[in-house]
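Remarks on the structure that follows.
The values are calculated or read from the model by the stated rules, or taken from the named source; none is laboratory data. Since we're looking at a predicted model, the values are computed, not measured. Here the Cβ is made from the backbone with ideal geometry for all residues, glycine too, and neighbour counts use every protein chain on show. For accessibility, only protein heavy atoms count, side chains too; no ligands or nucleic acids. Shrake-Rupley method; radii C 1.70, N 1.55, O 1.52, S 1.80 Å.
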Amino acid sequence: MAKKKLQYDCNKCPAYCCSYARIVIRKSDLKRLAKHFGIDEETARRRFTKRGEEKGEIILRHQKDEYFGTICRFLDTETRQCTIYKARPAICREFPGPGRCGYYEFLKFERKTQEDPDWVSTTWNLR
Ligand code: SF4
Ligand code: SF4
């Protein structure tokens with residue numbers, strides 16, 4: 001069966017998905033991150049994550065970002081690429097699911113409306 005063509009292009013996107021405030025980390029993600037950086041899991045947990053709102057939940061820390069206010073600490077804010085792509089958490093691997101990305105649909109619509117192929121519509125994390 002032919003593979004379904006992706007309707008989005010992450011290389012043309014400023015990484016809306018990485019600006020999501022609640023990027024939840026599983027135990028297996030922590031293990032992978034620790035291995036990637038050659039540190040123990042507890043150090044990785046302290047260095048890269050913080051407590052989420054749900055009980056026992058841990059989420060990725062953010063850094064400052066010109067487009068979104070804040071964004072995942074692992075995004076290269078110049079190239080807009082993930083700096084730990086091979087070691088990225090499961091939630092990042094699963095998103096956006098097959099075929100389409102809602103953020104990209106929004107970006108395409110805005111670029112067409114603004115008649116500017118490089119237009120970046122911003123959202124802002126107030127934290
Ligand atoms: S928001 Fe969608 S198109 Fe943009 S980087 Fe994330 S998955 Fe790719
Ligand atoms: S780990 Fe990489 S893919 Fe996941 S949110 Fe951070 S920068 Fe984006």
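At a glance:
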{"read-out": "Residue within segment 41-57 that is more than 16 Å from ligand 1 (Cβ to nearest atom), crowded, with 17+ Cβ neighbours inside 10 Å, within 15 Å of the chain's Cα centre (by Cα) and of a type outside the set (Phe, Trp, Tyr) present", "value": "yes"}
{"read-out": "When residues of segment 103-127 are limited to those that are in contact (Cβ under 8 Å) with a residue 60 or more places away in the chain and surrounded by 16 or more Cβ atoms within 10 Å (Cβ to Cβ), the one nearest to ligand 2 (Cβ to nearest atom)", "value": "Tyr103"}
{"read-out": "Selection count where residues are more than 15 Å from ligand 2 (Cβ to nearest atom) and in contact (Cβ under 8 Å) with a residue 12 or more places away in the chain, scope segment 70-102", "value": "3"}
{"read-out": "Considering residues of segment 11-25 that are in contact with a Lys or Arg (Cβ under 9 Å, 6 or more places away or on another chain) and farther than 18 Å from Arg100 by Cα only, the residue nearest to ligand 1 (Cβ to nearest atom)", "value": "Ala21"}
{"read-out": "Residue list for segment 81-102, filter: open to solvent by 30 Å² or more (accessible area, probe 1.4 Å), more than 15 Å from Ala21 (Cα to Cα) and out of contact with any strand residue (DSSP E or B) (no Cβ under 8 Å at 6 or more places or on another chain)", "value": "Tyr85, Lys86, Arg93, Glu94, Pro96, Pro98, Arg100, Gly102"}
{"read-out": "Test set (1) within 16 Å of ligand 1 (Cβ to nearest atom); (2) within 25 Å of Pro98 (Cα to Cα) - Glu78 fails condition number", "value": "(2)"}
{"read-out": "Residue match in segment 59-69 (condition: open to solvent by less than 50 Å² (accessible area, probe 1.4 Å), in a helix (DSSP H, G or I) and either touching an Asp or Glu at 6+ places or on another chain (Cβ under 8 Å) or more than 10 Å from ligand 2 (Cβ to nearest atom) (or both))", "value": "no"}
{"read-out": "Residues of segment 34-58 satisfying the condition of being of a type outside the set (Lys, Arg) and in a strand (DSSP E or B)", "value": "Thr49, Ile58"}
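Condition check ((1) out of contact with any helix residue (DSSP H, G or I) (no Cβ under 8 Å at 6 or more places or on another chain); (2) within 21 Å of Tyr8 (Cα to Cα); (3) small (Gly, Ala, Ser)) across all residues:
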residue	(1), (2), (3)
His36	no, no, no
Ile58	no, no, no
Cys92	no, yes, no
Glu110	yes, yes, no
